[in-house]
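Enquirer: Just passing along the structure, written as structure tokens.
The values are calculated or read from the model by the stated rules, or taken from the named source; none is laboratory data. Being a predicted model, the structure only gives us computed values, none of them experimental. Cβ atoms come from the backbone with ideal geometry, glycine included; neighbour counts cover every protein chain shown. Please note that ligands, DNA and RNA were not included when accessible areas were found on the heavy atoms of the full protein model with its side chains. Shrake-Rupley method; radii C 1.70, N 1.55, O 1.52, S 1.80 Å.
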Amino acid sequence: MQITVVSPTYNEAENLPKLVSALFVLPLDLRLLIVDDNSPDGTGQIADDLSAADQRVQVLHREGKLGLRSAYLTGFQHALADGADAVAQMDADYSHDPAALNAMTKQLETHDVVLGSRYIRDGSVDRQWPLWRKGLSAFGNLYARTILGLPLHDITTGYRLWRRETLLGIPFERIQSNGYVFLVEMAYLAHCLKYRIGESPIYFADRRWGNSKMSFKIQAEAALRIWQVRWHYRDLRAGGRAARLPINQ
């Protein structure tokens with residue numbers, strides 16, 4: 001199974017070389033697609049240097065900070081056009097352990113998408129997080145899961161592995177969220193379309209280098225947007241498997 005890891009970057013110069021090194025020691029057939037939004041810290045040039053040194057690394061340069069949704073959707077389309085059998089979503093800040101891809105790939109054999117979950121047995125968040133941050137993360141998941149009726153434990157995780165056929169069956173043009181709630185929207189779409197969703201335990205580490213991009217504004221936007229997501233996909237929820245896009249391999 002050829003897996004393309006899509007990793008959006010913005011100011012990840014310190015993290016990117018370490019991520020590449022960790023990925024390519026795994027016993028998997030991997031490619032890495034870096035989607036860089038014109039990072040002012042030189043991440044784009046570092047990505048080009050890594051690509052020049054290893055043909056398994058590809059880089060998409062964008063003119064500016066265009067958001068998580070467009071970064072991933074552009075990356076998905078590129079990876080699928082390039083023949084990927086599966087596509088992974090992974091943060092470039094090293095908060096997602098590349099080694100967890102081994103278990104996620106195994107689980108993908110019986111599922112259509114696998115979520116790297118912090119909130120199932122053997123999963124956890126950074127041990128250094130204060131209690132308020134752990135509580136906020138857990139509540140955000142509970143809030144979204146309850147409103148959307150999702151039988152999952154971690155729908156805000158950004159660490160995911162999709163089958164090619166699953167992504168081809170999802171109507172990307174319907175997706176509206178621009179911030180981190182995009183991750184919730186994608187999971188909800190997969191649920192509405194009756195794809196088999198698995199969860200694999202991960203340890204979510206706080207970013208090792210650089211600054212977090214999460215803010216209160218982003219969290220507030222997500223809380224409101226969840227209700228809009230539920231309303232927007234009521235037709236797909238009713239249609240189930242029949243609402244999937246026809247797949248042209």
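Enquirer: Each residue of the stretch 159-171 in order: what ³J(HN,Hα) in whole Hz does its phi give by Karplus 6.51 cos²θ - 1.76 cosθ + 1.60, θ = phi - 60°, with x for Gly and Pro?
Expert: Ordered by residue, 3J(HN,Hα) equals 9, 9, 9, 10, 5, 3, 4, 5, 4, 5, x, 9, x Hz.
Enquirer: While we're here: What accessible area, in Å² to the nearest ten, does a 1.4 Å probe give for Lys106?
Expert: In the full protein context, Lys106 sits at about 130 Å².
Enquirer: Give me the net charge of Leu148's neighbourhood, meaning all other residues with Cβ under 10 Å from the Cβ of Leu148; Lys, Arg count +1, Asp, Glu -1.
Expert: Its environment carries a net charge of +2.
Enquirer: Would you mind getting me the FRET efficiency between Glu165 and Glu63? Use the beta-carbon distance for r and R0 = 41 Å, nearest 0.05.
Expert: That gives a FRET efficiency of 0.80.
Enquirer: May I pose another question? I'd like the FRET efficiency for Asn38 and Arg230, computed as 1/(1 + (r/R0)^6) with the beta carbon distance as r and R0 of 22 Å, rounded to 0.05.
Expert: Numbers: r = 34 Å, r/R0 = 1.56.
The pair Asn38/Arg230 has a calculated efficiency of 0.05.
Enquirer: Excluding residues on the same chain fewer than 8 positions from Lys106, give the aspartates and glutamates whose Cα lies under 15 Å from its Cα.
Expert: The qualifying aspartates and glutamates are Asp29, Asp85, Glu199.
Enquirer: Can you list the residues, at least 5 places off or on another chain, whose amide H is less than 5 Å from the amide H of Ala13, using H built in the peptide plane?
Expert: Amide H neighbours of Ala13, under 5 Å, 5+ apart: Thr43.
Enquirer: What residues have an amide H closer than 5 Å to that of Val57, excluding those fewer than 5 places away on the same chain, when H is modeled at 1.01 Å from N in the peptide plane?
Expert: Here Leu32 satisfy the definition.
Enquirer: Would you calculate a helix-derived [θ] at 222 nm for the chain, using -39,500 (n - 2.57) for each DSSP H run of n ≥ 4 and dividing by the full residue count, to the nearest 500?
Expert: -12000 deg cm²/dmol
Enquirer: Any idea what the dipole of the stretch 2-129 comes to, in debye rounded to 20, about its Cα centre with Lys/Arg Cβ at +1 and Asp/Glu Cβ at -1?
Expert: Rounded to the nearest 20 debye, it is 320 debye.
Enquirer: About the Cα centre, and with charges only on the beta carbon of Lys, Arg (+1) and Asp, Glu (-1), how big is the dipole of the stretch 68-178? Nearest 20 debye, please.
Expert: 420
Enquirer: To continue, here is another question. Need the C-alpha centroid separation for the stretch 114-155 versus the stretch 87-105, integer Å.
Expert: 17
Enquirer: Hey, another quick one. Provide the per-residue ³J(HN,Hα) series for the stretch 104-114, in order, calculated from phi with Karplus coefficients 6.51, -1.76, 1.60 and θ = phi - 60°, each as a whole number of Hz, with x at glycine and proline positions.
Expert: Per-residue couplings from phi come out as 5, 5, 4, 6, 5, 4, 10, 9, 8, 8, 10 Hz.
Enquirer: To continue, here is another question. For a test of the definition: using alpha carbon positions, the gyration tensor, and the 1.5 limit on a/c, classify the stretch 96-198 as rounded, prolate or oblate.
Expert: It comes out oblate by the Cα gyration axes.
Enquirer: Shifting gears a bit: Starting from the Cα of Thr146, step 7 Å along the direction of its Cβ; do the same at Lys106; then give the gap between the two resulting points in nm.
Expert: Distance between the two pseudo-spin positions: 3.5 nm.
Enquirer: Placing +1 at every Lys and Arg Cβ and -1 at every Asp and Glu Cβ, with all other atoms neutral, what dipole size does the chain have around its Cα centre, in debye to the nearest 20?
Expert: 1100
Enquirer: Taking amide hydrogens as modeled 1.01 Å from N in the peptide plane, which residues meet the under 5 Å criterion relative to Val125, leaving out close sequence neighbours?
Expert: So Val125 has HN proximity to Phe204.
Enquirer: Kindly write out, for the stretch 120-129 in residue order, the coupling ³J(HN,Hα) from the Karplus curve 6.51 cos²θ - 1.76 cosθ + 1.60 (θ = phi - 60°), rounded to whole Hz, with x marking Gly and Pro.
Expert: Each residue's phi maps through the Karplus curve to give 10, 4, 6, x, 6, 10, 3, 5, 8, 4 Hz.
Enquirer: Return the FRET efficiency for the residue pair Arg121, Gln2: r is the Cβ-Cβ distance, R0 is 30 Å, and the value is rounded to the nearest 0.05. Intermediate results must be reported in sequence, preceding the final value.
Expert: Numbers: r = 30 Å, r/R0 = 1.01.
With R0 = 30 Å, the Cβ-Cβ based efficiency is 0.50.
Enquirer: Mind ordering 65-74, 110-119 by average Cβ neighbours within 10 Å, highest first? Mind dumping the intermediate values first?
Expert: Details: 65-74: 18.8, 110-119: 22.3.
The most tightly packed comes first, giving 110-119, 65-74.
Enquirer: Let me ask something else about it. Can you give the accessible area per residue of the stretch 43-108, in Å², using a 1.4 Å probe? Working shown, then result.
Expert: Details: 2880 Å² over 66 residues.
Value for the stretch 43-108: 44 Å² per residue.
Enquirer: Could I ask something else about it? Quantify, in whole percent, the carbon and sulfur part of the accessible surface of the stretch 35-110 (1.4 Å probe; protein heavy atoms only).
Expert: 47
Enquirer: If packing is taken as the mean number of other Cβ atoms within 10 Å per residue, what is the order of 29-39, 182-192, 162-172, highest first?
Expert: Packing proxy ranking, top to bottom: 182-192, 29-39, 162-172.
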